[in-house]
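*Asks:* Before I ask anything, here is the structure I am working with.
The values are calculated or read from the model by the stated rules, or taken from the named source; none is laboratory data. Computed from a predicted model, the values in this text were never measured in an experiment. Note that each Cβ is placed from the backbone with ideal geometry, even for glycine, and that neighbours are counted across all protein chains shown.
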Amino acid sequence: MTAYPPLPPFPAGFHWGTSTSAYQIEGAPTEDGKGVSIWDTFVRRPGVIREAQTGDVACDHYHRTADDIALMSDLGVNAYRFSVAWTRIQPDGTGPANPAGLAFYDRLVDALLEKGITPFPTLFHWDLPQALEDRDGWLARDTAHRFADYAALLAGRLADRVEHWITLNEPFIHLAYGYAFGVHAPGRALMTDAIPVAHHQLLAHGLAVSALRSAGAARVLIANNLTPVWPATDAAEDRAAADAYDALHNRLFTDPILLGRYPDLSAYGTGPDLGGVVRDGDLELIAAPLDGLGVNYYNPTRVAAPGPEHGLPFQDVPIDGVPRSAFDWPVVPDGLRELLVSLADRYGAALPPIHITENGTSADDKVVAGRVADPERIAFLDGHIRALAQAMAAGVDVRGYLTWTLMDNFEWAEGFTQRFGLVHVDHETQARTPKDSYYWLRDRIKEWRSA
Ligand code: IFM
């Protein structure tokens, strides 16, 4: 196995952890009063998920929680980010809490704390109650208010023990894949007409910050998927395309939160009222002070000016000459350093401390004689953690690194075909086999935590 030179020690109290999400691991879609989410519905549409797979069983985590916490404890992590299935708490997205749903997360939190693992619940990781989608989902302003009610119910039960809360996961990806292109639930292909979804998710975030704080939540974050954007060439048209993509992917969900204003979206035919949905006072709510920014980083994006056939002001172009994951995503560890340093430059004093809330890679992992050799994942983690250390040395305040993901799970439209886990899961038998990367990270965390 490759020997990696030691890294500088990380600060005391730094969070080392793993991230997961409810629909991707839990299974048990109707148990204990759970309602139907948009993913329960979407996966049943013919042709949308690889091999017609569903998350009905996923990793059966709902029934194997203790085993999965034991895996984390043996890994030595001190943080775990999971998401709460809104439909376990409010089966139809409104009304009183379902006691059995609350009890599941209550037990999870207690079991984590008992092992010294800090819980980082995310309130929304894309699994909207179907009943709210039937009322127009995130195109409806009312959904933001329903989200704040749900946040209050959950925090009312857990904020006495849970310090860190994450409102939304990757609102950009939910907007783009779920509402603009229709490849994720709820499967709407509205292209730029989907933009009001951005404002309603952000309003939900702002309302939830206030609801969470009123219920006693100490620290509130949001987890944004962010990417360095590289113009294909130095030509003015390619730089304009890169600016347009940066505005949509990065700034649309970060500027309003940290700066209280939307970026220029005129390249998308949209003014600062985002299609007429921004009302007086909304931006003040959205910009409520935050305790941290969650950063999900996978790869940079290279874009060029669009051809005449493109309906958007940019087109993706490949990043050549770098390794690629099984998903065919370019692997560029230094992109993490670049991203973090550029966030600090862009937002200055407005940037709160950062947690890396996702970072990981998919590989074609197989169990051979009880072992899973995944050198690409080890190289990926090592490279990215080194890039993180460089950004910190350059002055960026980063408080944690939570890798995606604990175990191989349901990768949305790709079904079970993309394996991102530190732990291999046999989706027929549910057998869990820690991969080489799990043992590598365990040893590194041991070094770093005791340094
Ligand atoms: O699996 C997803 C996760 O749900 C959100 N961030 C990216 C991961 C890998 O695609």
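*Asks:* Would it be correct to say that Ile166 is surrounded by 22 or more Cβ atoms within 10 Å (Cβ to Cβ), touching a Ser or Thr at 6+ places or on another chain (Cβ under 8 Å) and among the β-branched types (Val, Ile, Thr)?
*Replies:* When the stated conditions are applied, Ile166 passes them.
*Asks:* Does at least one position in the range 1-10 carry a residue that is more than 26 Å from Asn224 (Cβ to Cβ), among the β-branched types (Val, Ile, Thr) and at pLDDT below 95?
*Replies:* Within the range 1-10, one or more residues are more than 26 Å from Asn224 (Cβ to Cβ), among the β-branched types (Val, Ile, Thr) and at pLDDT below 95.
*Asks:* Kindly indicate the residue of the range 203-230 that is closer than 16 Å to Phe120 by Cβ and either surrounded by fewer than 22 Cβ atoms within 10 Å (Cβ to Cβ) or more than 18 Å from the chain's Cα centre (by Cα) (or both) and also farthest from the ligand (Cβ to nearest atom) among those meeting that condition.
*Replies:* That would be Ala218.
*Asks:* So, in the range 251-277, of the ones that are of a type in the set (A, V, I, L, M) and assigned to a helix (DSSP H, G or I), which residue ends up farthest from the chain's Cα centre (by Cα)?
*Replies:* Ala267
*Asks:* Next up: Residues of the range 116-143 being farther than 22 Å from Ile195 by Cα, hydroxyl-bearing (Ser, Thr, Tyr) and away from the ligand (no atom under 16 Å from the Cβ), which ones?
*Replies:* Within the range 116-143, just Thr118 meets the criteria.
*Asks:* Take Arg146 and decide whether it is part of a helix (DSSP H, G or I) and either within 22 Å of Val43 (Cβ to Cβ) or in contact (Cβ under 8 Å) with a residue 40 or more places away in the chain (or both).
*Replies:* When the stated conditions are applied, Arg146 passes them.
*Asks:* As an exercise: evaluate Asp291 against (1) of a type in the set (Asp, Glu); (2) in contact (Cβ under 8 Å) with a residue 60 or more places away in the chain; (3) crowded, with 19+ Cβ neighbours inside 10 Å and give the number of the one condition it does not meet.
*Replies:* Checking Asp291 against (1) of a type in the set (Asp, Glu); (2) in contact (Cβ under 8 Å) with a residue 60 or more places away in the chain; (3) crowded, with 19+ Cβ neighbours inside 10 Å, the one that fails is (3).
*Asks:* Of the residues Arg81, Arg157, Arg141, only one is charged (D, E, K, R), modelled with pLDDT of 95 or more and closer than 26 Å to Gly415 by Cβ; which?
*Replies:* One residue alone meets the criteria, Arg81.
*Asks:* Further question: Could you list all residues from the range 316-333 that are over 28 Å from Ser83 (Cα atoms) and crowded, with 16+ Cβ neighbours inside 10 Å?
*Replies:* Val317, Ile319
*Asks:* Filter the range 177-193 down to the residues that are assigned to a helix (DSSP H, G or I), touching a residue at least 24 places away in the same chain (Cβ under 8 Å) and not hydroxyl-bearing (Ser, Thr, Tyr), then identify the one that is nearest to the ligand (Cβ to nearest atom).
*Replies:* Among those residues, the one meeting the criterion is Gly178.
*Asks:* Could you tell me which numbered condition Val332 fails, if it satisfies all but one of (1) assigned to a helix (DSSP H, G or I); (2) touching a Pro at 6+ places or on another chain (Cβ under 7 Å)?
*Replies:* It is condition (1) that Val332 fails.
*Asks:* Another question, then. Regarding Arg146, is this residue crowded, with 21+ Cβ neighbours inside 10 Å and either among the aliphatic types (A, V, I, L, M) or more than 16 Å from the ligand (Cβ to nearest atom) (or both)?
*Replies:* Judged against the criteria, Arg146 is a match.
*Asks:* Further question: In a helix (DSSP H, G or I), modelled with pLDDT of 95 or more, surrounded by 17 or more Cβ atoms within 10 Å (Cβ to Cβ) and within 16 Å of the ligand (Cβ to nearest atom): does that describe Ala247?
*Replies:* No.
*Asks:* Still on this structure, I have one more. List the strands (runs of 3 or more DSSP E) that sit entirely inside the range 341-451 and contain at least 3 residues that are at pLDDT 95 or above and within 15 Å of the ligand (Cβ to nearest atom).
*Replies:* 354-358, 398-404
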